[in-house]
1. Need the failing condition index for residue B:88 against (1) free of Cβ contacts under 8 Å to residues at least 40 places away in the same chain; (2) away from every other protein chain (no Cβ under 14 Å), just the number.
2. Please indicate, with yes or no, whether at least one residue in the range A:127-134 is farther than 29 Å from residue A:66 by Cα and assigned to a helix (DSSP H, G or I).
3. Return a yes/no flag: does the range B:181-196 have any residue that is more than 18 Å from the chain's Cα centre (by Cα), within 16 Å of residue A:198 (Cα to Cα), at the interface with chain A (Cβ under 9 Å from one of its Cβ atoms) and touching a residue at least 24 places away in the same chain (Cβ under 8 Å).
4. Give the number of residues within the range B:54-101 that are in a loop (DSSP other than H, G, I, E, B), surrounded by fewer than 18 Cβ atoms within 10 Å (Cβ to Cβ) and within 16 Å of DNA strand D (Cβ to nearest atom).
5. Kindly establish whether residue A:141 is closer than 24 Å to residue B:36 by Cβ and buried (at least 16 other Cβ atoms within 10 Å of the Cβ).
6. Quick one: count up the residues across the range B:1-46 that are near DNA strand C (Cβ under 8 Å from one of its atoms), away from chain A (no Cβ under 14 Å) and modelled with pLDDT of 95 or more.
7. Determine if the range B:138-157 includes at least one residue that is farther than 28 Å from residue A:164 by Cα, within 8 Å of chain A (Cβ to nearest Cβ) and either in a helix (DSSP H, G or I) or over 16 Å from the mean Cα position of the chain (by Cα) (or both).
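The values are calculated or read from the model by the stated rules, or taken from the named source; none is laboratory data. Computed from a predicted model, the values in this text were never measured in an experiment. Ideal geometry is used to build each Cβ from the backbone, glycine not excepted, and the neighbour counts take in all protein chains shown.
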DNA sequence: ATATTCACAGTCAGAATTGACTGTCAACCA
DNA sequence: TGGTTGACAGTCAATTCTGACTGTGAATAT
(Lines give C-alpha, C1' and ligand atoms only; values in the text may rest on other atoms or scores of the structure.)
Protein backbone atom coordinates (compact mmCIF):
# COMPACT_ATOMS: atom_id res chain seq x y z
CA UNK A 1 0.00 0.00 0.00
CA UNK A 2 1.34 3.40 -0.95
CA UNK A 3 1.45 6.40 1.35
CA UNK A 4 -1.60 8.59 0.95
CA UNK A 5 -0.99 11.98 -0.61
CA UNK A 6 -2.92 13.54 2.23
CA UNK A 7 -0.07 12.69 4.60
CA UNK A 8 2.10 15.38 3.02
CA UNK A 9 1.90 18.63 4.86
CA UNK A 10 1.54 21.07 1.97
CA UNK A 11 0.18 20.97 -1.57
CA UNK A 12 -1.18 17.63 -0.68
CA UNK A 13 -2.88 15.82 -3.50
CA UNK A 14 -2.50 18.54 -6.06
CA UNK A 15 -2.16 15.92 -8.75
CA UNK A 16 -5.21 14.11 -7.49
CA UNK A 17 -7.17 17.35 -7.34
CA UNK A 18 -6.19 18.06 -10.90
CA UNK A 19 -7.19 14.59 -11.89
CA UNK A 20 -10.59 14.81 -10.26
CA UNK A 21 -11.22 18.26 -11.68
CA UNK A 22 -10.47 17.11 -15.21
CA UNK A 23 -12.52 14.00 -14.79
CA UNK A 24 -15.45 16.04 -13.51
CA UNK A 25 -15.10 18.38 -16.45
CA UNK A 26 -15.11 15.46 -18.86
CA UNK A 27 -18.20 13.96 -17.27
CA UNK A 28 -19.95 17.29 -17.32
CA UNK A 29 -19.13 17.64 -21.00
CA UNK A 30 -20.12 14.08 -21.78
CA UNK A 31 -23.49 14.52 -20.13
CA UNK A 32 -24.09 17.73 -22.04
CA UNK A 33 -23.21 16.14 -25.34
CA UNK A 34 -25.41 13.17 -24.55
CA UNK A 35 -28.37 15.38 -23.76
CA UNK A 36 -27.85 17.54 -26.83
CA UNK A 37 -26.85 15.00 -29.45
CA UNK A 38 -28.10 11.66 -28.15
CA UNK A 39 -26.23 8.39 -27.78
CA UNK A 40 -25.18 8.25 -31.41
CA UNK A 41 -23.62 11.70 -31.13
CA UNK A 42 -21.78 10.98 -27.91
CA UNK A 43 -18.46 9.98 -29.40
CA UNK A 44 -15.12 10.26 -27.67
CA UNK A 45 -14.16 12.85 -30.24
CA UNK A 46 -17.22 15.00 -29.59
CA UNK A 47 -16.64 15.00 -25.84
CA UNK A 48 -12.93 15.65 -26.29
CA UNK A 49 -13.64 18.69 -28.41
CA UNK A 50 -16.42 19.93 -26.18
CA UNK A 51 -14.09 19.84 -23.19
CA UNK A 52 -11.16 21.16 -25.19
CA UNK A 53 -8.76 18.49 -24.03
CA UNK A 54 -6.26 16.42 -25.91
CA UNK A 55 -7.02 12.96 -27.13
CA UNK A 56 -4.70 11.45 -24.56
CA UNK A 57 -6.54 13.15 -21.73
CA UNK A 58 -9.85 11.59 -22.53
CA UNK A 59 -8.36 8.19 -23.15
CA UNK A 60 -6.40 8.51 -19.93
CA UNK A 61 -9.55 8.94 -17.87
CA UNK A 62 -11.74 6.66 -19.95
CA UNK A 63 -9.69 3.98 -21.73
CA UNK A 64 -12.54 3.05 -24.05
CA UNK A 65 -15.69 4.60 -25.39
CA UNK A 66 -17.75 2.15 -23.35
CA UNK A 67 -16.01 3.25 -20.17
CA UNK A 68 -16.85 6.84 -20.90
CA UNK A 69 -20.49 6.06 -21.52
CA UNK A 70 -20.76 3.97 -18.36
CA UNK A 71 -19.51 6.79 -16.19
CA UNK A 72 -21.68 9.28 -18.03
CA UNK A 73 -24.73 7.18 -17.30
CA UNK A 74 -24.15 7.39 -13.58
CA UNK A 75 -23.56 11.11 -13.71
CA UNK A 76 -26.76 11.58 -15.69
CA UNK A 77 -28.77 9.58 -13.17
CA UNK A 78 -27.48 11.77 -10.34
CA UNK A 79 -28.42 14.86 -12.26
CA UNK A 80 -31.94 13.61 -12.86
CA UNK A 81 -32.43 12.84 -9.21
CA UNK A 82 -31.47 16.37 -8.34
CA UNK A 83 -34.06 17.59 -10.80
CA UNK A 84 -36.82 15.95 -8.79
CA UNK A 85 -36.21 18.12 -5.77
CA UNK A 86 -35.78 21.23 -7.88
CA UNK A 87 -39.03 20.59 -9.68
CA UNK A 88 -40.79 19.88 -6.40
CA UNK A 89 -39.77 23.32 -5.21
CA UNK A 90 -40.87 24.90 -8.46
CA UNK A 91 -44.33 23.36 -8.13
CA UNK A 92 -44.78 24.27 -4.49
CA UNK A 93 -47.87 26.25 -5.45
CA UNK A 94 -49.77 23.09 -6.29
CA UNK A 95 -51.71 22.47 -3.13
CA UNK A 96 -52.90 18.91 -3.51
CA UNK A 97 -49.95 16.68 -2.49
CA UNK A 98 -50.86 13.82 -4.83
CA UNK A 99 -51.27 16.05 -7.85
CA UNK A 100 -48.04 17.82 -6.99
CA UNK A 101 -46.11 14.58 -6.74
CA UNK A 102 -47.49 13.26 -10.01
CA UNK A 103 -46.84 16.50 -11.86
CA UNK A 104 -43.30 16.66 -10.56
CA UNK A 105 -42.61 13.12 -11.75
CA UNK A 106 -44.16 13.73 -15.15
CA UNK A 107 -42.28 17.00 -15.65
CA UNK A 108 -38.96 15.52 -14.65
CA UNK A 109 -39.50 12.59 -16.98
CA UNK A 110 -40.23 14.95 -19.85
CA UNK A 111 -36.98 16.86 -19.38
CA UNK A 112 -34.25 16.37 -21.99
CA UNK A 113 -31.88 14.91 -19.43
CA UNK A 114 -34.37 12.26 -18.43
CA UNK A 115 -35.30 11.59 -22.03
CA UNK A 116 -31.61 11.00 -22.63
CA UNK A 117 -31.71 8.39 -19.89
CA UNK A 118 -34.75 6.74 -21.46
CA UNK A 119 -32.92 6.75 -24.77
CA UNK A 120 -30.06 4.89 -23.14
CA UNK A 121 -32.52 2.35 -21.78
CA UNK A 122 -34.06 1.84 -25.19
CA UNK A 123 -30.72 1.52 -26.93
CA UNK A 124 -29.43 -0.86 -24.27
CA UNK A 125 -31.89 -3.43 -25.52
CA UNK A 126 -29.34 -4.55 -28.08
CA UNK A 127 -26.22 -3.53 -26.16
CA UNK A 128 -25.24 -5.92 -23.42
CA UNK A 129 -22.48 -3.72 -22.03
CA UNK A 130 -24.60 -0.63 -21.82
CA UNK A 131 -27.44 -2.55 -20.22
CA UNK A 132 -25.08 -3.85 -17.56
CA UNK A 133 -23.81 -0.34 -16.92
CA UNK A 134 -27.33 1.00 -16.57
CA UNK A 135 -28.30 -1.79 -14.19
CA UNK A 136 -25.25 -1.09 -12.04
CA UNK A 137 -26.00 2.60 -12.04
CA UNK A 138 -29.63 2.06 -11.08
CA UNK A 139 -28.68 -0.44 -8.44
CA UNK A 140 -26.11 1.87 -6.89
CA UNK A 141 -28.50 4.79 -6.72
CA UNK A 142 -31.38 2.72 -5.42
CA UNK A 143 -31.21 4.10 -1.89
CA UNK A 144 -31.23 7.71 -3.04
CA UNK A 145 -33.90 6.90 -5.55
CA UNK A 146 -36.22 5.49 -2.94
CA UNK A 147 -35.53 8.37 -0.59
CA UNK A 148 -36.33 10.96 -3.24
CA UNK A 149 -39.53 9.15 -4.07
CA UNK A 150 -40.52 8.92 -0.41
CA UNK A 151 -39.90 12.62 0.07
CA UNK A 152 -41.94 13.42 -2.99
CA UNK A 153 -45.01 11.39 -2.19
CA UNK A 154 -44.84 11.84 1.58
CA UNK A 155 -47.65 10.13 3.45
CA UNK A 156 -49.45 9.12 0.28
CA UNK A 157 -47.51 5.88 0.35
CA UNK A 158 -49.17 4.98 3.64
CA UNK A 159 -52.69 5.11 2.22
CA UNK A 160 -54.33 1.87 1.01
CA UNK A 161 -53.58 2.09 -2.71
CA UNK A 162 -50.69 4.49 -2.23
CA UNK A 163 -47.80 2.29 -3.28
CA UNK A 164 -49.71 1.07 -6.30
CA UNK A 165 -50.45 4.61 -7.44
CA UNK A 166 -46.79 5.56 -7.06
CA UNK A 167 -45.61 2.61 -9.11
CA UNK A 168 -48.20 3.17 -11.78
CA UNK A 169 -47.29 6.86 -11.87
CA UNK A 170 -43.69 5.99 -12.62
CA UNK A 171 -44.58 3.87 -15.63
CA UNK A 172 -47.14 6.39 -16.76
CA UNK A 173 -44.63 9.21 -16.57
CA UNK A 174 -42.16 7.30 -18.70
CA UNK A 175 -44.75 6.51 -21.31
CA UNK A 176 -45.95 10.08 -21.32
CA UNK A 177 -42.42 11.39 -21.71
CA UNK A 178 -41.57 9.07 -24.56
CA UNK A 179 -44.81 9.81 -26.37
CA UNK A 180 -44.16 13.49 -25.92
CA UNK A 181 -41.19 13.34 -28.27
CA UNK A 182 -43.47 12.85 -31.25
CA UNK A 183 -46.51 14.67 -30.03
CA UNK A 184 -47.49 17.71 -32.04
CA UNK A 185 -50.33 18.81 -29.77
CA UNK A 186 -48.94 19.74 -26.35
CA UNK A 187 -52.48 20.04 -25.04
CA UNK A 188 -52.95 16.31 -25.12
CA UNK A 189 -50.14 15.83 -22.64
CA UNK A 190 -51.86 18.12 -20.19
CA UNK A 191 -55.15 16.33 -20.74
CA UNK A 192 -53.62 12.93 -20.10
CA UNK A 193 -51.87 14.26 -17.05
CA UNK A 194 -55.12 15.62 -15.65
CA UNK A 195 -56.87 12.37 -16.31
CA UNK A 196 -54.22 10.41 -14.50
CA UNK A 197 -54.27 12.80 -11.56
CA UNK A 198 -58.03 12.40 -11.32
CA UNK A 199 -57.73 8.63 -11.63
CA UNK A 200 -55.01 8.51 -8.98
CA UNK A 201 -57.21 10.44 -6.56
CA UNK A 202 -59.96 7.91 -7.06
CA UNK A 203 -57.54 5.03 -6.61
CA UNK A 204 -56.01 6.10 -3.31
CA UNK A 205 -59.43 6.44 -1.72
CA UNK A 206 -60.89 3.33 -3.35
CA UNK A 207 -60.04 -0.09 -2.02
CA UNK A 208 -58.56 -1.90 -4.97
CA UNK A 209 -56.71 -4.35 -2.82
CA UNK A 210 -58.89 -7.28 -3.78
CA UNK A 211 -58.13 -6.52 -7.41
CA UNK A 212 -54.39 -6.55 -6.94
CA UNK A 213 -54.59 -9.72 -4.94
CA UNK A 214 -56.30 -11.63 -7.69
CA UNK A 215 -52.93 -12.37 -9.28
CA UNK B 1 -47.39 10.09 -68.72
CA UNK B 2 -45.89 6.79 -69.75
CA UNK B 3 -47.90 3.78 -70.84
CA UNK B 4 -48.63 1.48 -67.94
CA UNK B 5 -46.75 -1.79 -68.05
CA UNK B 6 -50.03 -3.61 -67.47
CA UNK B 7 -51.17 -2.68 -70.98
CA UNK B 8 -48.71 -5.15 -72.48
CA UNK B 9 -50.30 -8.51 -73.17
CA UNK B 10 -47.64 -10.82 -71.78
CA UNK B 11 -44.89 -10.62 -69.19
CA UNK B 12 -46.42 -7.37 -68.17
CA UNK B 13 -44.52 -5.46 -65.54
CA UNK B 14 -41.85 -8.05 -64.95
CA UNK B 15 -39.37 -5.32 -64.24
CA UNK B 16 -41.73 -3.66 -61.84
CA UNK B 17 -42.49 -6.95 -60.15
CA UNK B 18 -38.80 -7.56 -59.76
CA UNK B 19 -38.35 -4.12 -58.36
CA UNK B 20 -41.13 -4.50 -55.84
CA UNK B 21 -39.95 -7.94 -54.81
CA UNK B 22 -36.43 -6.71 -54.18
CA UNK B 23 -37.66 -3.68 -52.34
CA UNK B 24 -39.86 -5.84 -50.15
CA UNK B 25 -36.94 -8.11 -49.43
CA UNK B 26 -34.79 -5.17 -48.48
CA UNK B 27 -37.44 -3.79 -46.16
CA UNK B 28 -37.96 -7.19 -44.59
CA UNK B 29 -34.22 -7.46 -44.00
CA UNK B 30 -33.95 -3.92 -42.70
CA UNK B 31 -36.73 -4.50 -40.18
CA UNK B 32 -35.08 -7.70 -38.99
CA UNK B 33 -31.73 -6.04 -38.56
CA UNK B 34 -33.35 -3.13 -36.74
CA UNK B 35 -35.13 -5.47 -34.33
CA UNK B 36 -32.03 -7.56 -33.73
CA UNK B 37 -29.29 -4.96 -33.63
CA UNK B 38 -31.03 -1.69 -32.85
CA UNK B 39 -30.78 1.63 -34.65
CA UNK B 40 -27.02 1.87 -34.31
CA UNK B 41 -26.61 -1.53 -35.94
CA UNK B 42 -28.95 -0.80 -38.80
CA UNK B 43 -26.35 0.33 -41.32
CA UNK B 44 -26.73 0.14 -45.06
CA UNK B 45 -23.93 -2.38 -45.06
CA UNK B 46 -25.60 -4.65 -42.52
CA UNK B 47 -28.88 -4.65 -44.46
CA UNK B 48 -27.07 -5.17 -47.75
CA UNK B 49 -25.29 -8.22 -46.37
CA UNK B 50 -28.37 -9.59 -44.65
CA UNK B 51 -30.28 -9.45 -47.92
CA UNK B 52 -27.31 -10.63 -49.93
CA UNK B 53 -27.56 -7.89 -52.53
CA UNK B 54 -24.93 -5.72 -54.11
CA UNK B 55 -24.19 -2.26 -52.87
CA UNK B 56 -25.75 -0.71 -55.95
CA UNK B 57 -29.02 -2.52 -55.32
CA UNK B 58 -29.55 -1.06 -51.90
CA UNK B 59 -28.48 2.41 -52.98
CA UNK B 60 -30.76 2.11 -56.00
CA UNK B 61 -33.82 1.54 -53.84
CA UNK B 62 -32.76 3.77 -50.98
CA UNK B 63 -30.42 6.55 -52.15
CA UNK B 64 -29.33 7.40 -48.62
CA UNK B 65 -29.22 5.75 -45.26
CA UNK B 66 -31.94 8.10 -44.03
CA UNK B 67 -34.22 7.01 -46.85
CA UNK B 68 -33.77 3.41 -45.88
CA UNK B 69 -34.55 4.08 -42.25
CA UNK B 70 -37.62 6.10 -43.11
CA UNK B 71 -39.12 3.29 -45.14
CA UNK B 72 -38.15 0.76 -42.51
CA UNK B 73 -40.01 2.74 -39.90
CA UNK B 74 -43.26 2.47 -41.81
CA UNK B 75 -42.80 -1.24 -42.39
CA UNK B 76 -42.12 -1.76 -38.69
CA UNK B 77 -45.26 0.12 -37.71
CA UNK B 78 -47.35 -2.09 -39.99
CA UNK B 79 -45.83 -5.16 -38.46
CA UNK B 80 -46.61 -4.01 -34.95
CA UNK B 81 -50.21 -3.34 -35.81
CA UNK B 82 -50.56 -6.87 -37.09
CA UNK B 83 -49.17 -8.10 -33.80
CA UNK B 84 -52.10 -6.59 -31.93
CA UNK B 85 -54.62 -8.82 -33.64
CA UNK B 86 -52.40 -11.86 -33.33
CA UNK B 87 -51.93 -11.29 -29.62
CA UNK B 88 -55.66 -10.70 -29.18
CA UNK B 89 -56.30 -14.14 -30.63
CA UNK B 90 -53.62 -15.68 -28.44
CA UNK B 91 -55.23 -14.25 -25.31
CA UNK B 92 -58.75 -15.25 -26.25
CA UNK B 93 -58.93 -17.31 -23.06
CA UNK B 94 -58.91 -14.20 -20.91
CA UNK B 95 -62.60 -13.71 -20.25
CA UNK B 96 -62.78 -10.17 -18.95
CA UNK B 97 -62.71 -7.87 -22.01
CA UNK B 98 -60.96 -4.99 -20.25
CA UNK B 99 -58.25 -7.19 -18.80
CA UNK B 100 -57.80 -8.86 -22.15
CA UNK B 101 -57.44 -5.57 -23.99
CA UNK B 102 -54.93 -4.23 -21.48
CA UNK B 103 -52.88 -7.40 -21.47
CA UNK B 104 -52.81 -7.47 -25.26
CA UNK B 105 -51.54 -3.90 -25.37
CA UNK B 106 -48.92 -4.49 -22.71
CA UNK B 107 -47.67 -7.68 -24.35
CA UNK B 108 -47.44 -6.12 -27.78
CA UNK B 109 -45.55 -3.16 -26.37
CA UNK B 110 -43.07 -5.48 -24.70
CA UNK B 111 -42.28 -7.30 -27.94
CA UNK B 112 -38.87 -6.67 -29.52
CA UNK B 113 -40.43 -5.19 -32.62
CA UNK B 114 -42.35 -2.64 -30.62
CA UNK B 115 -39.36 -1.93 -28.42
CA UNK B 116 -37.48 -1.22 -31.63
CA UNK B 117 -40.13 1.34 -32.47
CA UNK B 118 -39.83 2.93 -29.04
CA UNK B 119 -36.08 3.02 -29.53
CA UNK B 120 -36.60 4.95 -32.74
CA UNK B 121 -38.84 7.38 -30.90
CA UNK B 122 -36.25 7.91 -28.21
CA UNK B 123 -33.42 8.38 -30.67
CA UNK B 124 -35.49 10.73 -32.81
CA UNK B 125 -35.30 13.24 -29.99
CA UNK B 126 -32.02 14.51 -31.40
CA UNK B 127 -32.63 13.54 -35.03
CA UNK B 128 -34.89 15.90 -36.90
CA UNK B 129 -35.11 13.77 -40.03
CA UNK B 130 -35.99 10.61 -38.19
CA UNK B 131 -38.58 12.40 -36.10
CA UNK B 132 -40.22 13.72 -39.24
CA UNK B 133 -40.24 10.23 -40.74
CA UNK B 134 -41.83 8.79 -37.61
CA UNK B 135 -44.48 11.50 -37.52
CA UNK B 136 -45.35 10.86 -41.16
CA UNK B 137 -45.52 7.15 -40.55
CA UNK B 138 -47.75 7.56 -37.53
CA UNK B 139 -49.94 10.03 -39.32
CA UNK B 140 -50.40 7.75 -42.32
CA UNK B 141 -51.33 4.76 -40.21
CA UNK B 142 -53.65 6.70 -37.95
CA UNK B 143 -56.85 5.27 -39.43
CA UNK B 144 -55.66 1.70 -39.05
CA UNK B 145 -54.32 2.48 -35.63
CA UNK B 146 -57.66 3.76 -34.40
CA UNK B 147 -59.51 0.85 -35.95
CA UNK B 148 -57.24 -1.71 -34.29
CA UNK B 149 -57.68 0.03 -30.98
CA UNK B 150 -61.45 0.16 -31.39
CA UNK B 151 -61.57 -3.54 -32.21
CA UNK B 152 -59.42 -4.35 -29.21
CA UNK B 153 -61.35 -2.43 -26.60
CA UNK B 154 -64.79 -2.96 -28.13
CA UNK B 155 -67.62 -1.38 -26.18
CA UNK B 156 -65.35 -0.36 -23.32
CA UNK B 157 -64.81 2.92 -25.09
CA UNK B 158 -68.48 3.72 -24.70
CA UNK B 159 -68.46 3.51 -20.93
CA UNK B 160 -68.02 6.69 -18.88
CA UNK B 161 -64.28 6.58 -18.24
CA UNK B 162 -63.60 4.27 -21.15
CA UNK B 163 -61.63 6.59 -23.40
CA UNK B 164 -59.56 7.80 -20.51
CA UNK B 165 -58.66 4.28 -19.48
CA UNK B 166 -57.65 3.43 -23.03
CA UNK B 167 -55.41 6.46 -23.34
CA UNK B 168 -53.83 5.86 -19.95
CA UNK B 169 -53.32 2.22 -20.86
CA UNK B 170 -51.34 3.21 -23.91
CA UNK B 171 -48.93 5.37 -21.96
CA UNK B 172 -48.72 2.80 -19.20
CA UNK B 173 -47.89 0.04 -21.67
CA UNK B 174 -45.09 2.07 -23.16
CA UNK B 175 -43.63 2.85 -19.78
CA UNK B 176 -43.94 -0.77 -18.73
CA UNK B 177 -42.26 -1.96 -21.90
CA UNK B 178 -39.36 0.45 -21.59
CA UNK B 179 -38.83 -0.34 -17.93
CA UNK B 180 -38.90 -4.03 -18.80
CA UNK B 181 -35.64 -3.73 -20.69
CA UNK B 182 -33.71 -3.22 -17.47
CA UNK B 183 -35.90 -5.17 -15.11
CA UNK B 184 -34.27 -8.17 -13.48
CA UNK B 185 -37.40 -9.43 -11.74
CA UNK B 186 -40.03 -10.40 -14.30
CA UNK B 187 -42.55 -10.85 -11.50
CA UNK B 188 -42.77 -7.12 -10.96
CA UNK B 189 -44.06 -6.63 -14.47
CA UNK B 190 -46.91 -9.01 -13.80
CA UNK B 191 -47.65 -7.30 -10.50
CA UNK B 192 -47.79 -3.87 -12.08
CA UNK B 193 -49.96 -5.21 -14.87
CA UNK B 194 -52.39 -6.71 -12.38
CA UNK B 195 -52.51 -3.50 -10.42
CA UNK B 196 -53.28 -1.50 -13.50
CA UNK B 197 -55.98 -3.94 -14.58
CA UNK B 198 -57.58 -3.67 -11.17
CA UNK B 199 -57.30 0.11 -11.25
CA UNK B 200 -58.77 0.26 -14.73
CA UNK B 201 -61.76 -1.78 -13.62
CA UNK B 202 -62.37 0.66 -10.82
CA UNK B 203 -62.01 3.61 -13.15
CA UNK B 204 -64.48 2.52 -15.82
CA UNK B 205 -67.21 2.02 -13.22
CA UNK B 206 -66.31 5.08 -11.20
CA UNK B 207 -67.37 8.50 -12.40
CA UNK B 208 -64.14 10.41 -12.68
CA UNK B 209 -65.56 12.90 -15.10
CA UNK B 210 -65.57 15.76 -12.63
CA UNK B 211 -61.88 15.08 -12.02
CA UNK B 212 -60.95 15.21 -15.68
CA UNK B 213 -62.99 18.33 -16.18
CA UNK B 214 -61.14 20.26 -13.55
CA UNK B 215 -58.46 21.13 -16.08
C1' DA C 1 19.38 16.41 -6.22
C1' DT C 2 17.79 12.78 -8.87
C1' DA C 3 14.70 9.32 -10.32
C1' DT C 4 10.15 8.26 -10.98
C1' DT C 5 5.39 8.60 -11.55
C1' DC C 6 1.40 10.53 -13.48
C1' DA C 7 -1.75 13.89 -15.81
C1' DC C 8 -2.10 15.41 -20.14
C1' DA C 9 -1.01 16.34 -25.26
C1' DG C 10 -0.49 15.10 -30.17
C1' DT C 11 0.00 11.85 -33.93
C1' DC C 12 -1.30 7.97 -36.50
C1' DA C 13 -2.91 3.65 -38.35
C1' DG C 14 -6.78 0.69 -38.73
C1' DA C 15 -11.69 -0.22 -39.07
C1' DA C 16 -16.27 0.94 -40.35
C1' DT C 17 -19.51 3.41 -43.01
C1' DT C 18 -21.28 6.18 -46.53
C1' DG C 19 -22.50 7.50 -51.13
C1' DA C 20 -20.59 8.48 -55.78
C1' DC C 21 -19.38 6.22 -59.81
C1' DT C 22 -19.00 2.84 -63.64
C1' DG C 23 -20.31 -1.45 -65.73
C1' DT C 24 -23.69 -5.16 -67.16
C1' DC C 25 -27.68 -7.47 -68.56
C1' DA C 26 -32.47 -8.10 -69.33
C1' DA C 27 -36.80 -6.02 -70.48
C1' DC C 28 -39.44 -2.66 -72.98
C1' DC C 29 -40.49 0.53 -77.04
C1' DA C 30 -40.31 2.16 -81.78
C1' DT D 1 -34.44 -5.46 -84.75
C1' DG D 2 -31.99 -2.00 -82.62
C1' DG D 3 -31.97 1.64 -79.26
C1' DT D 4 -33.23 2.92 -74.66
C1' DT D 5 -34.39 2.37 -70.03
C1' DG D 6 -34.00 0.57 -65.55
C1' DA D 7 -32.67 -3.03 -62.04
C1' DC D 8 -28.74 -4.56 -60.11
C1' DA D 9 -23.57 -5.36 -59.21
C1' DG D 10 -18.84 -4.00 -57.88
C1' DT D 11 -15.30 -0.57 -56.87
C1' DC D 12 -13.51 3.32 -54.62
C1' DA D 13 -12.62 7.74 -52.43
C1' DA D 14 -13.84 10.43 -48.49
C1' DT D 15 -15.18 10.68 -43.90
C1' DT D 16 -15.52 9.50 -39.13
C1' DC D 17 -14.33 7.19 -35.06
C1' DT D 18 -11.53 4.44 -32.15
C1' DG D 19 -7.63 3.27 -29.53
C1' DA D 20 -2.60 2.53 -29.60
C1' DC D 21 1.53 4.90 -29.24
C1' DT D 22 5.02 8.47 -28.14
C1' DG D 23 6.30 12.76 -25.98
C1' DT D 24 6.40 16.43 -22.13
C1' DG D 25 6.36 18.71 -17.90
C1' DA D 26 5.24 19.00 -13.18
C1' DA D 27 4.74 16.83 -8.74
C1' DT D 28 6.35 13.35 -5.56
C1' DA D 29 9.50 10.00 -3.43
C1' DT D 30 14.23 8.75 -2.18
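1. Every condition holds for residue B:88 apart from (1).
2. No, there is no match, as no residue in the range A:127-134 is farther than 29 Å from residue A:66 by Cα and assigned to a helix (DSSP H, G or I).
3. Start the filter on the range B:181-196 by keeping residues that are more than 18 Å from the chain's Cα centre (by Cα), which leaves B:182-196.
The next check asks that each one be within 16 Å of residue A:198 (Cα to Cα); those that pass are B:196.
Pick out the ones that are also at the interface with chain A (Cβ under 9 Å from one of its Cβ atoms) and you get B:196.
Still in the list and also touching a residue at least 24 places away in the same chain (Cβ under 8 Å): B:196.
So far as the range B:181-196 goes, yes, one or more of its residues are more than 18 Å from the chain's Cα centre (by Cα), within 16 Å of residue A:198 (Cα to Cα), at the interface with chain A (Cβ under 9 Å from one of its Cβ atoms) and touching a residue at least 24 places away in the same chain (Cβ under 8 Å).
4. Our first condition is that a residue be in a loop (DSSP other than H, G, I, E, B); within the range B:54-101, this holds for B:54, B:62-64, B:91-96.
Next, from what is left, pick out any that are surrounded by fewer than 18 Cβ atoms within 10 Å (Cβ to Cβ): B:54, B:63-64, B:91-96.
Those still in the list that are within 16 Å of DNA strand D (Cβ to nearest atom) too: B:54, B:63-64.
The total comes to 3.
5. Spelling it out, it is not the case that residue A:141 is closer than 24 Å to residue B:36 by Cβ and buried (at least 16 other Cβ atoms within 10 Å of the Cβ).
6. The qualifying residues number 2.
7. Yes: one or more hits.
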